[in-house]
Structures are given as structure tokens and as C-alpha cells.
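See below for the structure under consideration.
The values are calculated or read from the model by the stated rules, or taken from the named source; none is laboratory data. None of these values were measured; they are calculated from a predicted model. Every residue, glycine among them, receives a Cβ derived from its backbone with ideal geometry; neighbour counts consider all protein chains shown.
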Amino acid sequence: MRAVSRPSPERIRAIAQETGFDLVRFGPADPGKHGDRFLAWLEAGRHGEMHYLADNKERIVDPTKWRAGVRSAIALAVDYGGPAGELPGGGRVARYAVGRDYHRWLRDRVFQLRTKLEAAGLPFGSMNGGADAVPVLERALAVRAGIGFLAKSAMVISPTHGPYLQLAELLTGEELPPDPPAPGSCGTCTACLQACPTGAITAPFEIDARRCLSYTTIEQRGFVAPELRAAQGDWLFGCDVCLEVCPFTSMSRRAVAIGDDRPADLRPHRIVQTWALVDVLAMDEQRYEAEFTGTAMRRATRSGLRRNAAVVLGNRGDDAALPALLTALADGDPVVRGHAAWAVGQIAPGHEGLESARRREEDGRVREEIERAMDVS
């Protein structure tokens, strides 16, 4: 039987583009110097509660400990730019989470690519990869392969597509010719540092995740530090501020695409189109399980989303939200009760409903939140 010839790098790139990837580049399978920076970041504790990063640090820094024999990375990116995501009546959602859960559609696209490349001649079982949920430094691989350059916000900016990039990768045992680094840089621009609501970008290329709204509204469990709540503003899930102020945002090919002009996976989820913040605050477990399936917002958990909704309602200062927030003062989740108390205090300091809640509250942390909300001095 005649052996199947391996596809050329040009053919690999063409197949990836046919599969739906906007950018396809080749580079090393390891993160290089970015691995050392990652380890120092962990050592400084800036990853907060993201213990899975520390638990997998050896595999992240050296991908051969995850998949033996990998030599090259096929770095992939999809431009997800588009209109801001906002619930009816307020409550913003980071653009990447507006549509179908990228963990699903992007992973499926990577697996489709792997199957096509195997059919084209790459050895079966020689490639491993995915999107987000694999132990690799995706941004480092993207930068090393030339997808884009590392921004001062620690994001990746493509000079041709901008910063709204969903990244993915296939690690392969093939020795693929590396692409050159992407041209361009942030230059003297510091817009992202100046605009970050919480000062999470502590210096160019340095992020303290513990202060980042994309961490506090998604990864963090429990209570959000009181000093970060007002800075959360209208953000229900994630944050796009450092991207929105970036001059390269104008390069996104999909920045103004709406409706049927957007790929199906990037069209707004029904929650973004139909839910209000008070719906999120009041949702029970059954509704959460039924309606949040298929959206990346599930990552925040039901408790986290309801907590976030309370914070946003407090920041919006709308008296119409008071009935829902006062009801939440008797919720079974202490995190929701505590943040609802904070929100009531923002809208109506010293409200009589707070005193009623204080008298029956048995959780010490929640009681502190209520008493702070009652302080009208």
C-alpha cells in the first residue's frame, strides 16, 4: 500500500482557513521566555484562586510533559469583534461570551481541523490541542507563532485583525517552519493602563488577576472586595475595557457585523437578548441549568452571576431594582445576601429593609455587609 504523503505547510494553512480560522501561524510548541514570566507571576500570587494554573505549571511550561513528542504549534485565532454585549435595561457581557460558548464551538473547530489534517496525511494521533481548557500558554504560543504581538494589557494584538481574538492551538510532532513574529507594537500608547477600571494592569505587560474584572466576575468565588465593586460598573460578566480603548480595535473585520452577517457561533445568546439584571438576580437553580447551557457565562456559576447582578444593580442606582434586592436579602446564598445588602446601601442607604435583614442574619460576613449598608453617616 502506497504511503500517504504529508501535507505541505501551505496546505495545512489552507485547510485551517477552510475550517473557519481567521489566522493560522506556525511556531514552537513551548512558551519560551514567557514560561519564566508565568512562573514568576504564580510565585507572586497574582493568579488568585486559579489554582489549576499552579497545579499544572510543569505541563504548561513544558508541553512535552502533557503530550510527548510535540515539536511545533499550529496557532489559530478567530476574530470575534462586534457590538458590545448588553442585557435589556443594562448589564454588560464581554464580547467573547455574547454568543455560543466558545469552549464548545472553538474546541469543535479544532477537532475538525485535526481530523482533516489526519485525512490529508499527518499521522493519526500525532496532534493534540483545544481552546482555553488545555495546559498551555495560549497567548505565548500565539505570539511566538506570529498571530500577533504581546500588548501592554498582556493580550495578543493582530496587526491585521486587532485584539478581539479567540485563540486555539494544535500541538504536533511535525517540524513546521516557524512564521516570523507579527510586526507592530503598542509603541508609546498606554490607553489600556489608564482605562483599566481597577488598576489591574500594574505596569506594561503585568497583570494582577486579583484586581481584574474578568477574574472577579468570573473566576473568583464568594465575596468581591468592597473597594472593587463600584469599579465593576455595569459589567455582569467579564470586561472589555482594555480592548475597547485599544487603537487596533478598528482592525477587527467583524467589529460592525450584526445579525446574519455574523457567524452563527458569534450571534448573541438569547439570555443577552431577553434577560434583565433582576432576572439574573432571582434565577433559581432549575432555570440556571435550563437556560445558561451553551453560554460561557456558566463559568461564573449561578452564585457568581447573581452576585454580579446585585453589584451592577447597586452601581446603576435604580430605585426600581429595590424590591428584587430586598427579596434577595433573604436568599439562601450568603454571597447573594451580602452583595444585595451592599446594593441596597448604594441605592437607599439606611433602608428599613436592611434593619429587618440584620436582625435575622446569622452569617457574620453578611451581617457586616448589612451594617455597612446601614451606615448613613
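Of note:
- For segment 198-220, the candidate set comprises residues that are assigned to a loop (DSSP other than H, G, I, E, B) and touching a Cys at 6+ places or on another chain (Cβ under 8 Å); within that set, the residue that is nearest to V156 (Cα to Cα) is P204.
- The listed residue being surrounded by 21 or more Cβ atoms within 10 Å (Cβ to Cβ) and among the hydroxyl-bearing types (S, T, Y), out of T274, T249, T295: T295
- Test: residue in segment 136-152 that is under 30 Å from G314 (Cα atoms) and not acidic (D, E): no
- So S185, is it among the polar types (S, T, N, Q) and part of a helix (DSSP H, G or I): no
- Positions within segment 111-148 being surrounded by fewer than 23 Cβ atoms within 10 Å (Cβ to Cβ) and within 19 Å of the chain's Cα centre (by Cα), in sequence order: G130, A131, D132, A133, V134, P135, L137, R139
- Qualifying residue in segment 324-341 (condition: in a helix (DSSP H, G or I), within 32 Å of the chain's Cα centre (by Cα) and surrounded by fewer than 18 Cβ atoms within 10 Å (Cβ to Cβ)): yes
- Condition met for G294 (touching a residue at least 24 places away in the same chain (Cβ under 8 Å), assigned to a loop (DSSP other than H, G, I, E, B) and small (G, A, S)): yes
- Listing of helices (runs of 4 or more DSSP H) fully contained in segment 1-61 that carry 3 or more residues being farther than 27 Å from D265 by Cα: 33-43, 51-55, 57-61
- Selection within segment 84-109 - more than 22 Å from Y215 (Cα to Cα) and not in a helix (DSSP H, G or I): P88, G89
- Cβ-Cβ distances below 6 Å connect the following pairs, each with a first residue in segment 216-240 that is within 21 Å of G89 (Cα to Cα), a second residue that is β-branched (V, I, T) and not in a loop (DSSP other than H, G, I, E, B), and a separation of six or more residues or different chains: R229/V311; Q232/V311; D234/V312; L236/V93; L236/V312; F237/V93.
- Among residues that are in a loop (DSSP other than H, G, I, E, B), more than 30 Å from A309 (Cα to Cα) and at pLDDT 95 or above, C239 is not included.
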